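Everything on this sheet refers to the single structure shown next.
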């Protein structure tokens, strides 16, 4: 049940629309000179790592009267580092709006709920994605506007839970902005607008690369502190365990999957096949370090997603979109370009940081009482990467409906910080079965 104070704050924020509308119409970020600090939008952060700290800085920058009042993590050291960084960002520009008292610094696996109940208006969800469906459902149930980092789940049951939550958010007129940052990049927006207007004709193939170095290599078991539980060890090294990260294709290369989905106007493929595996041995963990997925779309159109995370090799993050009248290229050169019948390249002026624009859009939508809901497309993009993982893990051809209705649940039903937790064996195509 929502408390009266929270309900009154939401009603008050809606009532300020007429006062601030003119300022918002001038563009982002929202500078609201008519507001006083008593009208601040109160923000909470769940997950105080690098991405969460960055999201908090962007949230505070997005509106002159935002305040960070509550944070959650499993590690006090992470909380301390995040708050110190925020207070010193840009020569202390945000310091006076970081108002997180010691009793609003929550620790533990249930700390997200304490942030939700702390009197906030907006919550930033930046924990490992294995927790995201639960955290998102609780935030929307609590009547909070949400910034939700990508991906939105690590398995199909999580995706289905998120889709249910998305509908609840719509019914409550709550904003839900996803961390698929390329959707808020002005240059990429302009590129896909050209594509959708027919600049390259009918799309016949899409090739995306996501070749990078490892993100968070798994430390040797010998470095594990004495007495640390399996659960804590895995959460502290979350990127190396599929139940927490979804594997590299879902946690990282999902950005490329999102651009593929965007090109096809978020309509799902028919099916996919894939290969993948672990080329560089790792101690512990169960994720792959490379994938290659072949998606089949209606009309015999193909999309290919290649991802790899290894040290000392060729890196590239690019998109090659081939049409009957030309080719659009993103990520090779200073700006996207179209060659062929209708040549084009970006010639606009300075471009705002896409991570910042996500938050500018979120907080402007709150001030204007015009909710944004990225929920359905963030679920589509996450599942697009996920079905590629399913195909690679099993060696089977996976249809979209199969992926959406998969019953495989990667994580434990209940996460106990102190409990033993066996690591699922690394999948083997032809042995691992689709569930």
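The values are calculated or read from the model by the stated rules, or taken from the named source; none is laboratory data. Since the model is a prediction, treat every value here as computed from it, not as a measurement. Don't worry about glycine lacking a Cβ; one is built from the backbone with ideal geometry, like all the others, and counts go over all protein chains shown.
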Conditions (1) farther than 30 Å from residue 74 by Cβ; (2) out of contact with any helix residue (DSSP H, G or I) (no Cβ under 7 Å at 6 or more places or on another chain); (3) surrounded by 11 or more Cβ atoms within 10 Å (Cβ to Cβ); number of the one not met by residue 403: (2)
Count - residues of the stretch 84-117 that are modelled with pLDDT of 95 or more and crowded, with 20+ Cβ neighbours inside 10 Å: 9
Filter result for residue 57 (in contact with a strand residue (DSSP E or B) (Cβ under 7 Å, 6 or more places away or on another chain), in contact (Cβ under 8 Å) with a residue 24 or more places away in the chain and surrounded by 20 or more Cβ atoms within 10 Å (Cβ to Cβ)): no
The lone exception for residue 282 - which of (1) in contact with a strand residue (DSSP E or B) (Cβ under 6 Å, 6 or more places away or on another chain); (2) surrounded by fewer than 19 Cβ atoms within 10 Å (Cβ to Cβ) it fails: (1)
The stretch 95-116: number of residues that are within 20 Å of residue 363 (Cα to Cα) and within 24 Å of the chain's Cα centre (by Cα): 3
Within the stretch 188-280, helices (runs of 4 or more DSSP H) holding 1 or more residues that are farther than 14 Å from residue 307 by Cβ: 230-236, 242-245, 254-263
